[in-house]
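The values are calculated or read from the model by the stated rules, or taken from the named source; none is laboratory data. As the structure is a prediction and not an experimental result, all values here were calculated from the model. Using ideal geometry, Cβ is built from the backbone for each residue, glycine included, and neighbour counts are taken over all protein chains shown. Protein only, heavy atoms only, side chains kept; ligands, DNA and RNA dropped before computing areas. Shrake-Rupley method; radii C 1.70, N 1.55, O 1.52, S 1.80 Å.
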Amino acid sequence: MPARAVRGMSAPPEVVFNTATDPARASAWLPEALRADGSPPTEINGEELRARWSGDADWSAEIRVDPADSGGARIQLDLAEGSGEPDPDQLADEALANLVREVADNLQAG
């Protein structure tokens, strides 16, 4: 069963999505089985701000970024894994926490 994590952020949705789908930044937030040597998402829909990654052993992740109040973003990550991780919900939460750090670093750098 897929795990789901949701988080709000004060960054604009487009910045969050662009950071999430940047192959150079993906290795910093995606679970190890999905990092795929810096390759881009397997599916990407920039109009809907959705992307999907597929990896080893039936791993997959799908992210959706929606606008939120005050110009912020709501990030939803659905994570499916095939290796029987003991706590996939925790893994999904950690992945989003890592993405939030990457977005903050991206905003400070730019």
**Prompt:** How large is the helix-only mean residue ellipticity at 222 nm for the chain, computed as the sum of -39500 (n - 2.57) over DSSP H runs with n ≥ 4, divided by its residue count, in deg cm²/dmol to the nearest 500?
**Reply:** -11000 deg cm²/dmol
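Work out how much length Glu14 to Asp89 would gain on full extension: take 0.36 nm times their residue separation and subtract the Cα-Cα distance, in nm to one decimal.
In short, 24.5 nm is gained.
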**Message:** Once neighbouring chains are kept in place and the probe is 1.4 Å, which whole percent of the accessible area of the chain is contributed by carbon and sulfur?
**Reply:** 44 percent
**Request:** Report the residue, chosen from Glu94, Glu47, Glu62, that carries the largest GNM mean-square fluctuation when the chain is represented by alpha-carbon nodes joined by springs under 10 Å.
**Result:** Glu47
**Complete:** Among Ser27, Ala80, Gly8, the residue whose Cα sits farthest towards the positive end of the charge dipole of the chain, when +1 is placed on the Cβ of each Lys and Arg and -1 on the Cβ of each Asp and Glu, is Gly8
**Request:** Would you mind computing, in nm to one decimal, how far apart the modelled labels at Arg74 and Asn98 are, each placed 7 Å from Cα along Cα→Cβ?
**Result:** 2.5 nm
**Request:** Would you kindly derive the ³J(HN,Hα) couplings of segment 59-72 from the backbone phi angles with the Karplus curve 6.51 cos²θ - 1.76 cosθ + 1.60 (θ = phi - 60°), listing them in order in whole Hz, with x for Gly and Pro?
**Result:** 6, 7, 9, 10, 10, 9, 10, 10, x, 10, 4, 6, x, x
**Prompt:** Residues with amide H under 5 Å of Thr42's amide H, sequence separation 5 or more or different chain, H placed in the peptide plane at 1.01 Å from N; which?
**Reply:** Arg52, Trp53, Ser54
**Request:** Report the normalised scattering of the chain as log10 I(q)/I(0) at q = 0.10, 0.14, 0.15 Å⁻¹, calculated by the Debye formula with identical scatterers on the alpha carbons.
**Result:** -0.25, -0.49, -0.56
**Message:** If the elastic network links every pair of Cα atoms under 10 Å, which of Asp69, Asp22, Asp78 fluctuates the most in the Gaussian network model of the chain?
**Reply:** Asp69
**Item:** Gaussian network model of the chain, springs between alpha carbon atoms under 10 Å - residue of Ala92, Ala28, Ala51 with greatest fluctuation
**Value:** Ala28
**Item:** Solvent-accessible area per residue for the chain (1.4 angstrom probe, square angstrom)
**Value:** 55 Å²
